[in-house]
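Step one of this worksheet: look at the structure below.
What follows is calculated from the coordinates using simple rules that are stated; it is not laboratory data. Since this is a predicted model, take the numbers as computed values, not measurements. All Cβ positions, glycine included, derive from the backbone under ideal geometry; neighbour counts span all protein chains shown.
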Amino acid sequence: MADPSAPLTIVLTGASAGIGAAAAVELTCRGHSVLAVGRSATKLAAVSARMLTVAPAGLEVPEPETADFSSLGAVRALADTLLQRCPRIDVLANNAGLIVRRREESADGHEITFAVNHLAPFLLTNLLVDRLRSSGGRVVTTSSDAHKRGRIHEDDLQLHRWGPWKAYCQSKLANVLFTAELRRRTGLAATSFHPGLVRTEFGRGSAYHVFSKVMRPLYRSPEQGAETLVWLATDPEGGAPASTYYADCGPGRPTAAAQDPELARRLWDTSATLVGLPAS
């Protein structure tokens, strides 16, 4: 059994900005070993510098890793690196995400919102699942109340009939379904959460970003948006969760679709095929 007083080893994606950066700094300040992952080496370096500033004496702050989650090859390479660098992983925080202003496809030919927000964390988690199990680890995935307006378009999962909000909401619903099915299949403590409306550069150039700039005074700070992520990563509740979906450091209210076990199973099997993993 792990020493409960020992620092947790936490892999945190989407850590180069926004709530990911805020969570990386806060978790480091609390004495945990956070391996920050992001797309921008420059931004990660700045976050790493902040982490070093707040780290308690004697805590080693891991060098961050860059990875482009729009490439499944890059996700596989990241997983290989993490397995080499981390003999144990207590927490995998799947926080990377995006919303775009026009339809794009990933390097692997998938609609990019679905690829980055769902397929990438789905693949990364599956590639790390044995290490997480052996560590008694947990998985925390950033979703959103946007899932309540989402639908899994099983007849057009790549959304050739596309809209930015339609794509984003589908991906956030996929996050909650993935969390439930991950727990069922692996027994891992898995949670998803809604960070609230947060003042970040998320969705720069999209209609979402324009709207968020107008509403900015009403939004939470990145530190406030990161609170539930930090709580689920460190609190006993996150290790034995009563729900698959949280908000404001307590159980949230997922939609009926987000709690549909058959939909979760179908999405898992389809996702496995899309990323090249065996389906059940």
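What the table shows:
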{"quantity": "Built amide H within the under 5 Å cut-off of Glu111, gap 5+", "calculated": "Ser106"}
{"quantity": "Fraction of antiparallel bridges per DSSP, the chain only, in percent to nearest 5", "calculated": "10"}
{"quantity": "Alpha-carbon centroids, the stretch 225-251 and the stretch 109-135: separation in whole Å", "calculated": "20"}
{"quantity": "Under 13 Å, Cβ to Cβ, from Leu27 - net charge with Lys/Arg +1 and Asp/Glu -1", "calculated": "-3"}
{"quantity": "Where labels lie 7 Å past Cα in the beta-carbon direction, separation of Asp260 and Ala46 in nm", "calculated": "4.2"}
{"quantity": "Likely footprinting exposure, His118, His110, fewest C-beta neighbours within 10 Å first", "calculated": "His110, His118"}
{"quantity": "Residues of the stretch 260-280 with amide N under 13 Å of the 7 Å Cα→Cβ point at Arg76", "calculated": "274-278"}
{"quantity": "Prolate/oblate/rounded label for the chain (Cα gyration tensor, a/c 1.5)", "calculated": "rounded"}
{"quantity": "Local electrostatic count, Pro195, Cβ distance below 10 Å [Lys/Arg +1, Asp/Glu -1]", "calculated": "-2"}
{"quantity": "Order by protection proxy (mean Cβ within 10 Å, highest first), peptides 50-60, 78-88, 119-129, 242-252", "calculated": "119-129, 242-252, 78-88, 50-60"}
{"quantity": "Protection proxy ranking, peptides 139-147, 97-105, average beta carbon neighbours within 10 Å, highest first", "calculated": "139-147, 97-105"}
{"quantity": "Added length on full extension, which subtracts the Cα-Cα distance from 0.36 nm per residue, Ala6 to His160", "calculated": "50.6 nm"}
{"quantity": "Relative contact order %, the chain, counting alpha carbon pairs below 8 Å whose residues are six or more apart", "calculated": "18"}
{"quantity": "Net charge of neighbours whose Cβ lies under 15 Å from the Cβ of Gly250, counting Lys and Arg as +1 and Asp and Glu as -1", "calculated": "-4"}
